[in-house]
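Here the structure comes first, spelled out in structure tokens, and everything after it is commentary.
FYI, it's all coordinate maths here, none of it is from the lab. Since this is a predicted model, take the numbers as computed values, not measurements. Cβ placement follows ideal geometry from the backbone for every residue including glycine, while neighbour counts extend to all protein chains displayed.
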Amino acid sequence: MKNILSRNSIFAALLALVLLATQSAQARSFKPDSKEYKTAKSALLSASVIVLGLPYTDVEINQRLVEFDAPPYNMGQKYDEGLKFSEAVDFLKLRLKKDSFDRILATNMAYLESMGRQGNDNERSYWQGRILNEDKLWYATMLPTFNDYVKTNKDERKATINRVYLAVFGRPAKSTDTNYWLNRSENYRAMREANRQYLWSEAGKLELTAMLTMCYQKISGKNEPMTDKAYQFFLFLHQKKKQTFEEIKKEYPTVKW
């Protein structure tokens, strides 16, 4: 009888600990005004950019916090003590090994950054395998290899340059555009941002007029020149953010582009 009571007491104690841990994890996840939450959110936001290539949303932050007490992470105490950036990075690197979606995301973000496209099935499979088998491979450590590739592979570089011009100006790259960028070292994002600045500068005024006119014609369904009033209104809508053709296009998803 004493042994049974002893076992029951032990079981009850263990159950209480499990319930306490569960309640603690739930409390951590839903106290956005707490110091611990804000510290963890900041660390996870910065770490997600390094490991995955983009910042977490608030929903994703909460999803990650729910996982903190679960094996193999066991991060509850670190959360309570104030999650550090390095601890958040280690957490996401470990999660990268466990979650195929994260591996695909990190790979695609590296391709988008360097080449302006997602990886194809073979490319994603190759890099997912390497992430699983290597200890020091995530978005930030993959990117230099991708940048070297887009710098040295002429066919990929020409295709990347063309994607830049389609995204910024809404037209393919001309031979003069390709020749200017072909032997340089900038990746897709750097070329896109340089062309964005050019588009909205005095020197790019003709390109801007052509791009905005094309957008107006697609949106209005009228194949005719813009009036000055329409142009000024369109300019007002998109000038503050210095939007590219691709960014304007995303704002009108029902238009047949």
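Looking only at region 52-84, residues that are assigned to a helix (DSSP H, G or I) and under 18 Å from residue 106 (Cβ atoms) come to 5 in all. Residues in region 113-157 that are under 26 Å from residue 204 (Cα atoms) and in contact with a Leu (Cβ under 7 Å, 6 or more places away or on another chain): 3 in all.
Residue 84 falls short on exactly one of the conditions (1) surrounded by fewer than 19 Cβ atoms within 10 Å (Cβ to Cβ); (2) farther than 25 Å from residue 45 by Cβ; (3) of a type outside the set (Gly, Ala, Ser), and that condition is (2).
Table: residues versus (1) in contact (Cβ under 8 Å) with a residue 24 or more places away in the chain; (2) in contact with a helix residue (DSSP H, G or I) (Cβ under 8 Å, 6 or more places away or on another chain).
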{"residue": "84", "(1), (2)": "yes, yes"}
{"residue": "92", "(1), (2)": "yes, yes"}
{"residue": "100", "(1), (2)": "yes, yes"}
{"residue": "118", "(1), (2)": "no, yes"}
{"residue": "122", "(1), (2)": "no, no"}
{"residue": "132", "(1), (2)": "yes, yes"}
{"residue": "147", "(1), (2)": "yes, yes"}
{"residue": "157", "(1), (2)": "yes, yes"}
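Table: residues versus (1) farther than 20 Å from residue 246 by Cα; (2) buried (at least 17 other Cβ atoms within 10 Å of the Cβ).
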| residue | (1), (2) |
| --- | --- |
| 152 | yes, no |
| 171 | no, no |
| 176 | yes, no |
| 183 | yes, no |
| 199 | no, yes |
| 202 | yes, no |
| 211 | no, yes |
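Against the list (1) touching a Gly at 6+ places or on another chain (Cβ under 7 Å); (2) at positive phi, the condition residue 170 fails is (1).
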